[in-house]
Structures are given as structure tokens and as C-alpha cells.
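**Q** Okay, handing you the structure first.
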Amino acid sequence: MDLAVSPGELSDYAGELIHSRQNVSPRRLVDPGPTPAQLQDMLAAAAAAPDHGQLMPWRFVIVPRNRREQLAEVFGLALLDRDPLASPEQIAKAQEKAHRAPLLMLVVARLGPCEPSISVNERMVSVGCAVQNILLTAHSQSFGSGLTSGQALQSPRLRALFGLTQGEEAVCFINVGTVTRHRMPRLRPEPSSFVSSL
Ligand SMILES: Cc1cc2nc3c(=O)[nH]c(=O)nc-3n(C[C@H](O)[C@H](O)[C@H](O)COP(=O)(O)O)c2cc1C
């Protein structure tokens with residue numbers, strides 16, 4: 001494969017990109033968000049993820065600003081389903097989460113029966129790789145990004161809003177935007193803490 005940079009430069013860029021990415025809370029992600037072209041680059045990066053059987057076991061659903069209110073409503077109602085005694089403040093806090101980052105996108109894993117038969121574990125690895133490719137591309141474009149999850153992802157209300165079919169699972173949201181305030185990156189674990197030899 002012909003590369004635009006030398007192997008040494010590629011290794012330096014990759015290392016810099018991977019190690020300088022950090023999870024940014026959506027509270028610290030503001031406008032401007034990605035342009036349509038930048039978003040396309042992120043999605044093209046997702047398509048470059050390892051994908052055993054080329055099943056594309058993921059899909060992404062963008063939540064544009066004009067649909068955030070609907071998501072907020074679902075967040076509030078999902079909280080009330082779980083806790084009918086939730087206070088107005090707790091409901092407002094749940095709803096507010098729908099209005100944060102400029103780009104908000106639901107990650108959906110497609111885990112139903114498939115041909116060829118690839119295990120759910122393998123497909124989840126593929127989903128994770130696609131998500132990481134998006135995060136790294138956003139980071140390379142100088143945006144911050146963060147993942148968010150929570151119990152609302154399991155709510156039938158959320159499943160209905162996003163049109164999830166049987167076998168599809170809402171995994172997390174990807175949030176992307178301009179970072180207002182950087183925090184100290186977390187200390188990453190030493191490889192010796194997670195590798196051994198047979
Ligand atoms: C599937 C998934 C869901 C996540 N959901 C949340 C979340 O709801 N809230 C949060 O603060 N971080 C969430 N994170 C981000 C992690 O907390 C973050 O990656 C971790 O603290 C390590 O920080 P780093 O990414 O900066 O290395 C999630 C990460 C993954 C992989």
C-alpha cells in the first residue's frame with residue numbers, strides 16, 4: 001500500500017493521535033461542531049474498522065438539533081419509568097443531556113442472526129473499533145469527543161424513537177464538538193498490567 005508519509009512518520013502520527021485522545025464530557029463540548037464533510041470523514045473511518053464476515057454490525061443514528069427535544073422527552077420518561085418518584089430536578093437533569101454536544105450520534109450494534117455466523121463477541125469488537133475510528137478521526141480534526149451511556153439506552157421508549165429492530169442494541173452515544181476546557185489526561189495502565197506470556 002502506498003502511504004502519503006514515511007513509515008516512521010506514520011508511527012509518530014498514530015502514537016500522537018492515540019495517546020492524546022481523551023474522553024471529554026459533553027458538558028465541555030460546544031459549537032462549532034463538525035462540518036458535513038468532517039462528519040463524512042468520521043463515518044468513512046468507521047467503515048474501515050475490522051469486520052469479520054463484512055457484516056457491518058453497526059449503524060449510527062445522528063440526532064440533529066431539531067430532534068433533541070424528542071430525545072430529551074424520552075430521557076425524562078425513561079427516568080420516570082425506572083423511578084416514578086423522580087423529582088422535577090432529576091427529570092430536568094436527565095432531559096438536559098439530550099441538548100449538549102453539537103454532534104450527537106447513537107451507536108447501534110446489529111447482533112441478530114447473521115450469515116456468515118459471526119459471534120456476538122466478535123461483532124461487538126468490530127463495533128468498538130468503528131467507534132474508536134470515529135473518535136480518533138474527530139480528534140485528528142481538533143474536536144473533542146466523549147462517549148455516554150446510561151440506563152435510558154435500554155428503554156423501550158428509546159428503542160422506539162430510534163427504530164431499533166430485534167437483535168439491535170443501543171450501545172452508547174458519541175458526542176463531538178469544540179472543547180471549552182481541557183482536563184489532565186488520565187494515567188493509562190502499564191502494558192505489563194494486562195499482558196502475560198503463555
Ligand atoms: C461504551 C462506553 C460507554 C461510556 N459511557 C460513559 C458515560 O456514560 N459517562 C462517562 O463519563 N464516560 C463514559 N465512557 C467513557 C469512559 O469513561 C472513558 O473512556 C474512560 O474514563 C477512560 O478515559 P479516556 O477515554 O480519556 O482514556 C464510556 C466509554 C465506553 C467505551
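The values are calculated or read from the model by the stated rules, or taken from the named source; none is laboratory data. What you are looking at is a predicted structure, and each value in this text was computed from that prediction instead of being measured. A quick note on method: Cβ atoms are made from the backbone with ideal geometry, for glycine too, and the neighbour counts reach across all protein chains shown.
**Q** Of the conditions (1) free of Cβ contacts under 8 Å to residues at least 24 places away in the same chain; (2) more than 16 Å from the ligand (Cβ to nearest atom); (3) within 16 Å of the chain's Cα centre (by Cα), Gly128 clears all except one; give me its number.
**A** The failed condition is (2).
**Q** Going by the conditions given, is Val108 touching a Lys or Arg at 6+ places or on another chain (Cβ under 6 Å), under 19 Å from Asn133 (Cα atoms) and touching a residue at least 24 places away in the same chain (Cβ under 8 Å)?
**A** yes
**Q** Which condition from (1) more than 20 Å from Leu71 (Cα to Cα); (2) surrounded by fewer than 15 Cβ atoms within 10 Å (Cβ to Cβ) is the one that His139 breaks?
**A** His139 satisfies every listed condition except (2).
**Q** For residues that are in contact with a strand residue (DSSP E or B) (Cβ under 8 Å, 6 or more places away or on another chain), hydrophobic (A, V, I, L, M, F, W, C), within 16 Å of the ligand (Cβ to nearest atom) and more than 23 Å from Phe162 (Cβ to Cβ), tally how many sit in segment 1-60.
**A** 1
**Q** Tally up the residues in segment 162-184 that are more than 13 Å from the chain's Cα centre (by Cα) and over 22 Å from Met56 (Cα atoms), please.
**A** The number of residues fulfilling the criteria is 7.
**Q** While we're here: Which of (1) buried (at least 16 other Cβ atoms within 10 Å of the Cβ); (2) within 16 Å of the ligand (Cβ to nearest atom) is the odd one out, the single condition Leu161 does not satisfy?
**A** The one condition Leu161 does not meet is (2).
**Q** Go through the residues of segment 180-189 one by one and say whether even a single one is modelled with pLDDT of 95 or more and closer than 18 Å to Ala45 by Cβ.
**A** No - not one qualifying residue is present in segment 180-189.
**Q** Give me the pairs, please: first residue somewhere in segment 182-194 and under 22 Å from Ser142 (Cβ atoms), second residue anywhere and near the ligand (Cβ under 10 Å from one of its atoms), beta-carbon distance under 6 Å, and either six or more positions apart or on two chains.
**A** From residues that are under 22 Å from Ser142 (Cβ atoms), the pairs are Pro185/Gln22.
**Q** To continue, here is another question. Of the numbered conditions (1) closer than 24 Å to Gln166 by Cβ; (2) within 16 Å of the ligand (Cβ to nearest atom), Arg67 satisfies every one except a single condition; which is it?
**A** Every condition holds for Arg67 apart from (2).
**Q** Please go through segment 178-198 and give me each residue that is more than 15 Å from the ligand (Cβ to nearest atom) and touching a strand residue (DSSP E or B) at 6+ places or on another chain (Cβ under 9 Å), ordered by number.
**A** Thr178, Thr180
**Q** Within the group Ser145, Ser155, Ser140, which residue is within 16 Å of the ligand (Cβ to nearest atom) and in contact with a strand residue (DSSP E or B) (Cβ under 8 Å, 6 or more places away or on another chain)?
**A** After applying the criteria, what remains is Ser145.
**Q** With Leu106, Leu77, Leu85 as the choices, which residue is at pLDDT 95 or above, among the hydrophobic types (A, V, I, L, M, F, W, C) and under 14 Å from Thr148 (Cβ atoms)? Lay out the reasoning, then the answer.
**A** Working: Leu77 fails: under 14 Å from Thr148 (Cβ atoms); Leu85 fails: under 14 Å from Thr148 (Cβ atoms).
Going through Leu106, Leu77, Leu85 in turn, just one is at pLDDT 95 or above, among the hydrophobic types (A, V, I, L, M, F, W, C) and under 14 Å from Thr148 (Cβ atoms): Leu106.
**Q** Let me ask you something else. Scan Ser117, Ser155, Ser145 and give me the residue that is among the small types (Gly, Ala, Ser) and touching a His at 6+ places or on another chain (Cβ under 8 Å). Break it down into steps so the answer makes sense when it comes.
**A** Values: Ser117 fails: touching a His at 6+ places or on another chain (Cβ under 8 Å); Ser155 fails: touching a His at 6+ places or on another chain (Cβ under 8 Å).
None of the other options fit; the residue is Ser145.
**Q** Tell me whether segment 64-81 contains one or more residues that are surrounded by 13 or more Cβ atoms within 10 Å (Cβ to Cβ) and within 14 Å of the chain's Cα centre (by Cα).
**A** no
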